[in-house]
Structure formats: structure tokens, C-alpha cells
Amino acid sequence: MRILESLVAVLLLAVVIVLGFQVDNIESATQVSQHSAPGTIPTFFLSACGIALCAVIIQAALKRKDGGESQLLPLLRTMKRPRRLAFLTTACLFVLLLYPLGFIVSSILFISLTILLLCVNRRRETPINILVTVVATVLVYVIVVSGLESHLPEFRLLGG
Amino acid sequence: MINYIAEALQILATNPALLALIAAGVASGLVIGSIPGLTSTMALALLVPLTFSMDFNVAIALLMGVYCGAISGGLVGAIVLNIPGTPSSAATCLDGYPMAAKGQLSRALGIGVYASIIGGALSGLALVFIAPALADFALTFGPWEYFAIIVCTFFTIASFSEGQTLKAIAVALFGVCISLIGYSSGVGESRFTFGISELEGGISVMPALIGAFALPQLLMDTDRIGEKVERVASRFVLRDFMRAFGEVVSRRWTLVRSSLIGIGIGILPGVGPGLSNILSYGRARAASKTPEKFGKGELPESIIAPEAANNASMGGALIPMLTLGIPGDASTLMLLGALTLHDIEPGPLLFLDNADSVAFIFVTFFIAFAFCAILYHFLIGLIIKVLAVPTQYIVPVIFMLCVVGSYVLNNRMFDVYCLLAFGMLGYLLRSAGYPILPMVLGLILGPMAEEQLRLALEYGQGSFEPFVTRPLSAAIIGLTLISVAIPIWRRFRHAASPELSENR
């Protein structure tokens with residue numbers, strides 16, 4: 001857990017540093033403040049965050065030095081959970097394909113594929129799988145488009 | 001305020017559709033809240049974006065119904081499956097399930113339901129009396145006090161994140177840093193956009209909120225698929241369920257004490273019902289003449305205490321959210337997002353500029369609990385059946401609703417990508433043992449923190465001195481330091497004397 005803890009802190013710190021490099025580019029359109037430059041407050045928060053993240057990294061390193069559980073094992077154990085990985089993959093694909101395939105096609109593919117990958121007894125659950133997929137997709141589409149008078153992405157892969 | 005409350009009551013009396021919406025919200029909240037893994041936060045996360053195009057009263061009627069229903073519904077999963085529907089019902093499992101396993105399912109459910117409703121109603125009274133007074137007092141606050149309160153909020157959450165204090169502070173500040181992206185009214189320009197036009201307006205808060213809370217939870221929920229669940233076999237009998245009312249009312253001191261604990265914990269930012277039910281259970285056990293009977297499903301007070309407290313936290317959590325714009329827990333964070341979507345800015349001025357909206361919130365809160373009381377009697381059998389819905393159907397449907405909710409806010413794909421990015425970040429944080437709530441709170445309170453600090457520096461002519469010379473600001477900072485110092489001091493003390501840790 002602690003290597004992961006440090007890795008996450010390093011990742012967040014990298015984001016903070018990237019933001020920090022942008023501070024000099026901040027300009028004020030209004031020039032209203034006489035007591036603080038446009039970058040003063042962002043610098044204050046970015047520095048505070050950077051210090052806190054460094055402290056987390058140091059704390060994790062100290063704990064590691066004291067000994068403890070094997071660091072990478074919990075992460076590997078998490079990654080080995082096939083259902084989590086399957087759902088994360090289908091969720092990412094759904095988000096990426098939502099725009100080109102439209103809501104109806106991508107939702108049908110996403111829900112049916114996810115249920116198929118997650119369920120225990122595939123053969124027995126196929127009819128329920130189809131029913132849940134179709135009912136959920138159609139119901140949400142009707143509620144959003146007709147009930148809320150909003151829009152959902154349409155199929156546009158073939159220039160539609 | 002009384003006039004506005006009367007007006008709100010009149011609006012509801014003349015508009016049965018609004019009452020029907022509250023009832024629908026409560027019913028769906030009860031069902032969602034009872035399903036393990038589907039928390040009140042998730043229920044609100046799914047619903048808030050869909051209320052965007054609704055009229056304010058319609059949206060609030062629906063949201064308050066879901067909010068009250070979902071927190072109350074958590075007890076059903078705890079009693080029937082020994083898995084709390086929401087974290088706020090964790091302590092209910094300890095005695096609720098053993099009582100149900102002894103063939104007293106209806107009694108256990110009755111005790112839990114009536115205690116929940118009475119606790120919720122008492123917290124509603126606290127909300128009505130405390131919130132306007134606190135808003136009046138908050139009118140005297142300057143930017144120094146506001147900034148000190150925001151800092152205090154971050155540190156309070158951190159001090160309650162046991163063993164994760166430093167990580168909680170770090171991620172809260174990270175949330176504030178992310179909130180800096182986009183347009184700032186203080187400088188009149190966009191910052192940190194890297195030339196991406198979608199970032200000009202900043203990170204959309206609602207998709208980030210939904211992603212950070214929902215995706216990690218859904219990923220964790222997939223672990224439950226295929227697991228064998230010990231389900232209570234006894235039949236539900238309405239007469240036994242209703243008979244529990246007498247038992248609850250006869251334990252009035254447990255009810256009042258637990259409700260007060262719930263209200264007090266609810267007011268503290270970032271803590272909420274999750275802690276109040278455990279604290280209240282512990283207090284009831286300490287006050288009992290027969291503490292050895294706790295955990296065996298014999299005493300009604302062991303269910304009354306956690307259930308009254310977790311529902312009482314709801315009214316308590318609404319107090320800082322409405323008066324200061326600082327949410328008490330993750331669910332009120334969602335409600336805060338909903339108010340902002342409808343151009344209602346919580347804070348002391350809300351009670352002057354939009355007193356009618358505040359009164360409407362108060363009234364719907366009470367009516368939602370009244371519907372809870374009624375609907376539980378009709379729906380409890382159905383709710384018990386819904387608990388059997390397999391997780392593999394729930395997970396993809398909920399994620400689809402999250403995506404749709406994020407998309408319809410602005411009809412742009414960028415918000416959906418934000419949802420996924422924050423979802424993955426949330427999962428990574430959760431896997432590494434970081435709390436998620438402080439980051440999201442930082443994202444929400446970041447713009448307010450920046451604005452108040454800017455004003456404080458302007459009025460103080462660039463000096464930080466007023467933060468410690470103004471009595472109220474100094475008092476808040478002092479309290480903040482104490483709240484951080486106590487857990488650190490305790491840890492050092494326990495580390496120094498191991499026997500203390502053993503006795504803990």
C-alpha cells in the first residue's frame with residue numbers, strides 16, 4: 001500500500017508542479033488589486049499543496065523504513081480482480097464510444113457486455129441480460145429526451 | 001421566516017404534483033438506500049444533473065425526498081442482509097441482524113424505522129431554529145472569518161480521517177489547486193487552461209463529484225458478485241412492525257440523546273451520519289444498565305441509538321450547508337451542487353435574498369420524513385425483495401445513468417471525460433488509502449477560499465495580521481489548531497505507552 005501511497009502523491013505532485021509552471025503566465029485583465037499580484041494566491045495554494053504532498057511522501061518513506069507489509073502486493077491483488085478490471089475497461093470504452101456510436105448503440109453494447117463479463121451463470125442469465133439492457137436504455141432515453149427535453153449523443157460514425 | 005414557511009406550506013397544499021414528487025423521491029430513495037453499495041450520495045449524484053432543467057421547487061421536492069429516503073433506507077440492508085445499505089447504518093447491523101435472525105425481523109425493522117423518522121424530525125426542528133440564527137450571526141463575518149472557516153473545515157475532516165490526517169490535508173489542497181483552473185473573477189482572466197477551450201470555464205464540479213464518488217464505489221461493488229449472502233429467513237408481519245412504535249417512544253432518553261449526538265456530528269463539516277451512528281451506539285451502550293446485552297439483538301435501544309443519530313445528522317448537515325455554504329457531508333455536497341445549478345448561492349445572504357427557497361427546503365424536509373413514515377408501511381415488503389437484485393445488473397445501469405447525468409448538464413462530451421478522469425483518480429486515491437471527500441470538498445470550496453483570501457488581503461492591505469488580530473477569526477484558527485493537535489497528541493501518547501493503546 002505504501003509504494004502506491006507514494007506513487008499517488010508523486011502523481012499529484014507532478015500535476016501541482018505543472019500548474020506551478022503556469023503561474024507566471026497569469027495575467028490580470030482588471031488590474032484591480034494593489035496588494036497582491038494575480039499569481040500570489042495560486043502560488044500560495046500550490047506551495048501549500050506541494051509541501052503537504054512532500055510530507056506524505058516522506059511519511060510513507062519513513063513508514064516503509066520501519067518495515068511493514070509487502071508494498072506492491074495489495075496493488076497487484078487489486079489489479080488481479082478480474083471483475084473490476086472488466087468493468088473499468090467496458091466503462092472506459094463506453095465513454096470513448098459514446099460520441100461516435102451515439103447513446104443507444106453504445107449503451108446497449110456497454111450494458112450487455114458488462115453484464116456478460118460480470119455475471120456468474122452466463123447461459124441462465126442471457127434473457128434477463130437482454131431485458132435489462134433494452135429496458136434500461138430505452139427508459140433512460142425516453143426520460144431524458146422526452147421528459148427532460150434534453151439531448152443525448154446520436155449515431156454519427158457513418159456521417160449520420 | 002414563519003411567513004415564508006406558511007407560504008411554502010401553501011405552495012405544497014395547492015400543488016399536489018409537488019407532494020407526489022416528494023413521495024416518489026422518498027420511495028426511490030428508500031429502495032436505492034436499502035441496496036448495499038448504493039448510498040444516498042450516489043442516489044443524489046444520479047439525480048442532481050437531471051434536475052438541471054426543472055423548476056427550483058420541483059427539483060428540491062425530488063431531491064429532498066431522495067435524500068431523506070436514501071439515508072433512512074440503509075437500515076433495511078443492515079437488518080435483512082447484515083450489510084448496511086449505506087455507511088450510516090453500519091452500527092445498525094450489530095443488533096438489527098441478530099434480532100431479525102431470532103425471528104423478530106418485523107420488530108427490528110419497526111424499531112429502526114420509527115427511530116429514524118423521529119430522529120430525522122427532531123433534526124428538522126434543529127435546522128429550523130438553529131440555521132436562521134447562525135445565518136444572522138454569519139452576517140457579521142468578514143473574509144478573514146470565512147477563510148478561517150474553510151481552513152477549519154479542511155482540518156476538521158482531516159482530523160476525523162483516522163490515520164490519514166496528512167493525506168486528507170494534501171488531497172484537500174489538491175482539490176483547491178484543481179479548482180484554480182479556469183476563469184477567475186478576481187483577476188478577470190482564465191488561468192491554467194493549457195490552451196484547451198473547454199477548461200476556460202473551469203472543471204465542471206458535478207461530473208467531477210459524480211465520478212469521484214460513483215466509479216470507485218461501483219468498482220468495489222463488483223467484488224460482491226457471486227458472494228453468498230446470509231439472508232434472514234423470517235417473514236415480514238406489518239402488525240409486529242407497527243407495534244415497535246411503542247417500544248421506540250418508551251425509550252425517549254435514548255432517542256433524544258442519540259438525536260442530539262446526530263445533530264452535533266452533522267453540523268461538523270465532512271463527518272456526517274457515518275460517524276454519528278457508531279458514536280451514538282457506543283454512548284447508548286455506555287449508558288445502559290445491561291451493556292452485555294448489546295450486540296445480541298435483545299435491546300431495542302441498540303437499534304434506536306444508531307438509527308435516530310444517523311437521521312438526525314441530516315438536519316445537522318444542512319445547517320452549515322445553508323448558512324455558510326459549507327457542506328456537512330458528501331450528500332449535502334451534492335445538494336450544494338444542486339442549489340448552485342439553480343443559481344441559489346448558499347450562505348448567510350441566502351436567508352435574506354431567498355428566504356422563500358430556504359423555507360421551502362425546511363418544509364420539504366419535514367414532509368419527506370412524513371412520507372418516509374407512510375411509505376415504509378406499504379413498501380417495506382417490496383424493499384426486502386429488491387435487495388435480491390443482482391449487483392451485475394445494478395453496476396452498468398448506474399454507470400450509464402452517471403454518464404447521462406454528466407452529459408445533460410451542458411450537452412458536451414468534455415464533462416463525460418471529466419467524470420471518467422475523476423472516477424479513475426478517485427479509485428486510485430481510494431486504493432492507496434487516501435480519503436476522497438476532502439479532495440471533492442477542496443474542489444467545491446476552492447473558489448470561495450480564493451475569493452475570500454483575495455478580499456482579506458485587499459482589505460488588510462496585503463497583511464495576514466487580521467487573521468489573528470480579529471477575535472472571531474483568531475478563535476476559529478485556535479479551534480482548528482486544537483482539532484489537529486488533539487489527535488496528534490493522542491497518537492504520540494499511545495505510541496509512548498503501549499498499554500494505553502491496548503486499553504483503547
* Cβ-Cβ below 7 Å, separation at least six or inter-chain, first residue in the range A:39-61 and more than 8 Å from every other protein chain (Cβ to nearest Cβ), second basic (Lys, Arg) and assigned to a helix (DSSP H, G or I): which pairs? -> A:Ala60/A:Arg2
* May I ask you to list the residues in the range B:389-416 that are more than 7 Å from chain A (Cβ to nearest Cβ), surrounded by fewer than 20 Cβ atoms within 10 Å (Cβ to Cβ) and more than 18 Å from A:Ala136 (Cβ to Cβ)? => B:Asn410, B:Arg412, B:Phe414
* Filter result (over 10 Å from the mean Cα position of the chain (by Cα), over 11 Å from B:Ile267 (Cβ atoms) and in a helix (DSSP H, G or I)) within the range B:312-340 -> B:Leu322, B:Leu336, B:Gly337, B:Ala338, B:Leu339, B:Thr340
* Test each condition in (1) surrounded by 18 or more Cβ atoms within 10 Å (Cβ to Cβ); (2) on the phi > 0 side of the Ramachandran plot for B:Gly433 and report the one that comes out false. => (1)
* Structure fact -> Here the qualifying pairs (Cβ atoms under 8 Å; residues six or more apart or on different chains; first in the range B:435-460 and facing another protein chain (nearest Cβ under 8 Å) and under 20 Å from A:Val56 (Cα atoms); second open to solvent by 30 Å² or more (accessible area, probe 1.4 Å) and of a type in the set (Lys, Arg)) come out as none
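Conditions (1) open to solvent by 60 Å² or more (accessible area, probe 1.4 Å); (2) over 30 Å from A:Val15 (Cα atoms), marked per residue:
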{"position": "B:Phe422", "(1), (2)": "no, no"}
{"position": "B:Leu429", "(1), (2)": "no, no"}
{"position": "B:Glu451", "(1), (2)": "yes, no"}
{"position": "B:Ser463", "(1), (2)": "no, no"}
{"position": "B:Pro466", "(1), (2)": "no, yes"}
{"position": "B:Arg470", "(1), (2)": "yes, yes"}
{"position": "B:Ser473", "(1), (2)": "no, yes"}
* To do: Could you tell me whether any residue of the range B:330-338 is out of contact with any Leu (no Cβ under 7 Å at 6 or more places or on another chain) and either surrounded by fewer than 24 Cβ atoms within 10 Å (Cβ to Cβ) or not hydrophobic (A, V, I, L, M, F, W, C) (or both)?
  => no
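Residue-by-condition table, conditions (1) of a type in the set (Lys, Arg); (2) at pLDDT below 85; (3) surrounded by 23 or more Cβ atoms within 10 Å (Cβ to Cβ); (4) under 21 Å from the mean Cα position of the chain (by Cα):
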{"site": "B:Arg224", "(1), (2), (3), (4)": "yes, yes, no, no"}
{"site": "B:Leu238", "(1), (2), (3), (4)": "no, yes, no, no"}
{"site": "B:Glu247", "(1), (2), (3), (4)": "no, no, no, no"}
{"site": "B:Gly272", "(1), (2), (3), (4)": "no, yes, yes, yes"}
{"site": "B:Asn277", "(1), (2), (3), (4)": "no, yes, yes, yes"}
* To do: Select from the range B:162-177 the residues that are in contact with a Phe, Trp or Tyr (Cβ under 9 Å, 6 or more places away or on another chain) and either away from chain A (no Cβ under 12 Å) or hydrophobic (A, V, I, L, M, F, W, C) (or both) and list them in ascending order.
  => B:Ala168, B:Ile169, B:Ala170, B:Val171, B:Ala172, B:Leu173, B:Val176, B:Cys177
* Considering the range A:121-148 alone, what residues qualify as being facing chain B (nearest Cβ under 7 Å) and more than 15 Å from B:Phe399 (Cα to Cα)? -> A:Val144, A:Leu148
* Structure fact -> Of (1) in a helix (DSSP H, G or I); (2) farther than 23 Å from B:Gly124 by Cβ; (3) modelled with pLDDT under 90, B:Phe399 satisfies every one except (3)
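Restricting to the range B:1-18, name every residue that is open to solvent by 50 Å² or more (accessible area, probe 1.4 Å) and in a helix (DSSP H, G or I).
B:Ile2, B:Asn3, B:Tyr4, B:Ala6, B:Glu7, B:Leu9, B:Gln10, B:Ile11, B:Ala13, B:Thr14, B:Pro16, B:Ala17
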* To do: Please enumerate the residues belonging to the range B:408-433 that are outside any helix (DSSP H, G or I) and either modelled with pLDDT of 90 or more or basic (Lys, Arg) (or both).
  => B:Arg412
* Which residue out of A:Glu154, A:Glu125 is over 19 Å from B:Leu420 (Cβ atoms) and open to solvent by 30 Å² or more (accessible area, probe 1.4 Å)? -> A:Glu154
* Structure fact -> Of B:Val66, B:Val48, B:Val58, the only residue that is in a helix (DSSP H, G or I) and under 20 Å from B:Ser313 (Cα atoms) is B:Val66
* In the range A:45-57, the residues that are crowded, with 16+ Cβ neighbours inside 10 Å and under 19 Å from B:Ser463 (Cβ atoms) -> A:Phe45, A:Ala48
* Structure fact -> All conditions in (1) more than 30 Å from B:Ser123 (Cα to Cα); (2) of a type in the set (Val, Ile, Thr); (3) open to solvent by less than 40 Å² (accessible area, probe 1.4 Å) are true of B:Ile196 except (3)
* Asked: In the range B:295-311, which residue that is open to solvent by less than 10 Å² (accessible area, probe 1.4 Å) and not in a helix (DSSP H, G or I) is farthest from B:Arg257 (Cα to Cα)?
  -> B:Gly297
* Test B:Leu324 against the criterion of being touching a Gly at 6+ places or on another chain (Cβ under 7 Å) and either under 27 Å from B:Pro207 (Cβ atoms) or buried (at least 24 other Cβ atoms within 10 Å of the Cβ) (or both), and give yes or no. => yes
* Hey, could you check the range A:106-120 for residues that are more than 7 Å from chain B (Cβ to nearest Cβ) and open to solvent by less than 60 Å² (accessible area, probe 1.4 Å) and say which is nearest to A:Val140 (Cα to Cα)? => A:Ser106
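The values are calculated or read from the model by the stated rules, or taken from the named source; none is laboratory data. All values derive from a computational prediction rather than experimental measurement. Neighbour counts are summed over all protein chains in view; Cβ atoms, including those assigned to glycine, are modelled from backbone coordinates with ideal geometry. SASA here: full protein model, heavy atoms, side chains in, ligands and nucleic acids out. Shrake-Rupley method; radii C 1.70, N 1.55, O 1.52, S 1.80 Å.
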